[in-house]
Amino acid sequence: MKILIIEDDKQTAQMIKNEMKGNYAVDLAYTGESGGYLSETNDYDTIVIDLRLPDIDGITVCKRIREAGIKTPILILTGSIEVKNKIAALDSGADDYLTKPFSFAELMARIRALMRRSPQTLNSNVLSLDGLTLDVSKNRVERNGKEVYLRRKEFSLLEYLMRNPGLVLTRNMILGHVWEEGIDQLTNTIDVHIKFLRDKIDIPFGTSLIKTVYGLGYKLEA
């Protein structure tokens, strides 16, 4: 799962990222323009936007994202308790809002709720294919009833593959969804993690689900 935080307070943005990094890949943007650009060039599961930004306000950013046809769930952070501002946030295309100051636990609960409603999640936290099962809510993977222990990036990569069964995922698609902004696309990071996954979910069970599509990328297929 990948989240975009558009927040001009760098300390707050970094704090949110640090709290999330155990479970999500997180990109940060400190202006509305840079956040809007990232939202159009990367694949996110949730976008969090601060209402007050130094260049354009969060309402405008949200409207632009929706006008671009992006349906990713959006959560607006606002320091205002005025009802009119909350209504404006929702009318701009946001799915939810959270008033500052907020607790991190509530922020995460709201993000999880948005993800459950998101088309990208396919309305399911449990994914299965040919004896392979991934439970997002429990961070648990099993194959043929045997638990498989994965590191965070391995889990995120497998989840992305399982949400797109049979679809060829290019390296750029995988980088854009699973890794944070700034990873060198020329590195063999993806190939290395694919090998780690195969060593854990394919080789021990004698059947390969992860397929290489030479010159293109990878896909998960029974």
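Worth a mention:
- In terms of other Cβ atoms within 10 Å, MET162, MET108 run from fewest to most in the order MET108, MET162.
- Bridge type composition, the chain - antiparallel percent by DSSP, nearest 5: 50 percent
- Computed [θ] at 222 nm, deg cm²/dmol, the chain (DSSP H ≥ 4; -39,500 (n - 2.57); rounded to nearest 500): -11000 deg cm²/dmol
- In this calculation the C-beta distance from GLN14 to ALA222 is compared with R0 = 30 Å, giving a FRET efficiency of 0.10.
- Here the translational diffusion coefficient of the stretch 2-121 follows from Stokes-Einstein with Rh set to the Kirkwood radius across Cα pairs; for 20 °C and 1.002 mPa s it amounts to 154 µm²/s.
- Exposure proxy order (Cβ contacts within 10 Å, fewest to most) of PHE155, PHE104: PHE104, PHE155
- The stretch 120-169 and the stretch 1-38 have their alpha-carbon centroids 25 Å apart.
- Sorted by Cβ density within 10 Å, fewest first, the residues ILE3, ILE74, ILE16: ILE16, ILE3, ILE74
- Dipole magnitude for the chain: about 620 debye, using +1 per Lys or Arg Cβ and -1 per Asp or Glu Cβ, origin at the Cα centre.
Quick note: the coordinates plus some simple rules give every number you see, no bench work behind them. Note that the structure is predicted; figures quoted are calculated from it, not measured. Cβ: placed from backbone, ideal geometry, glycine included. Neighbour counts: every protein chain shown.
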